[in-house]
1. Counting C-alpha atoms alone, how compact is segment 28-82: give Rg to one decimal and Dmax as a whole number, in angstrom.
2. Under 29 Å between C-alpha atoms is the cut-off here; go through the chain and count lysine pairs that meet it, provided they're at least eight residues apart or on different chains.
3. Starting with the highest mean, order 30-36, 122-128 by the number of other Cβ atoms within 10 Å, averaged over the residues of each peptide.
4. Classify segment 1-66 as rounded, prolate or oblate from the Cα gyration tensor: take a ≥ b ≥ c as the square roots of its eigenvalues, call it rounded if a/c is under 1.5, otherwise prolate when a/b beats b/c and oblate if not.
5. Over the Cα atoms, compute the radius of gyration (one decimal) and Dmax (the largest Cα-Cα distance, rounded to a whole number) for the chain, in Å.
6. List the trypsin sites (Lys or Arg not before Pro) within segment 1-98 that fall in a DSSP loop (any state other than H, G, I, E or B) and whose Cβ has at most 16 other Cβ atoms within 10 Å.
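Each reported figure results from applying straightforward, stated rules to the coordinates on display, with no laboratory input. What you see is a predicted model; the values in this text were computed from it and never measured. Neighbour counts are summed over all protein chains in view; Cβ atoms, including those assigned to glycine, are modelled from backbone coordinates with ideal geometry.
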Amino acid sequence: MSAQPSINAVEPIIPGGPDLLAQQKFYTTHLGFTVGHSDDDYLILYHPHSETRIHFFLDKTKAAEMISIRLNVVDIESLWNTLSPLEKLEGGGKVHDVSRKSGIETKPWGTKEFSLLDPAGTCVHLVQR
């Protein structure tokens, strides 16, 4: 049997909708990401306190509405307290309607979670283990 590869990070490449600048503003303003690369068709964001990177490509088909991502966070209560009072988030996006009604959910597998919709319609699950 051959040796298994050592994988230390996953970097999703997802549709960013028709406005990558709106995606950039949403993720940098509300979730603390920093721009690694940006041009008319492609955006790479990274989180300065982790190995997390997200790649977005320009997409005008609304494919982002069929995608979701999970981001592990350290202090979900503080993030919820900051974002939940906002009807719409600066730069686009919103706190997911289901989460707005139920707040932070504790899942049977032990995580605490709530969700956001980014400007392209991607569901961003925020999770604390």
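1. 13.0, 35
2. Lysine pairs, 8 or more places apart or on different chains, close enough: 18.
3. On the way: 30-36: 15.9, 122-128: 19.3.
Result, highest mean first: 122-128, 30-36.
4. Oblate, because a/c is 1.5 or more while a/b does not exceed b/c.
5. Computed over the Cα atoms of the chain, radius of gyration and Dmax are 15.2, 54 Å.
6. Lys60, Lys62, Lys88
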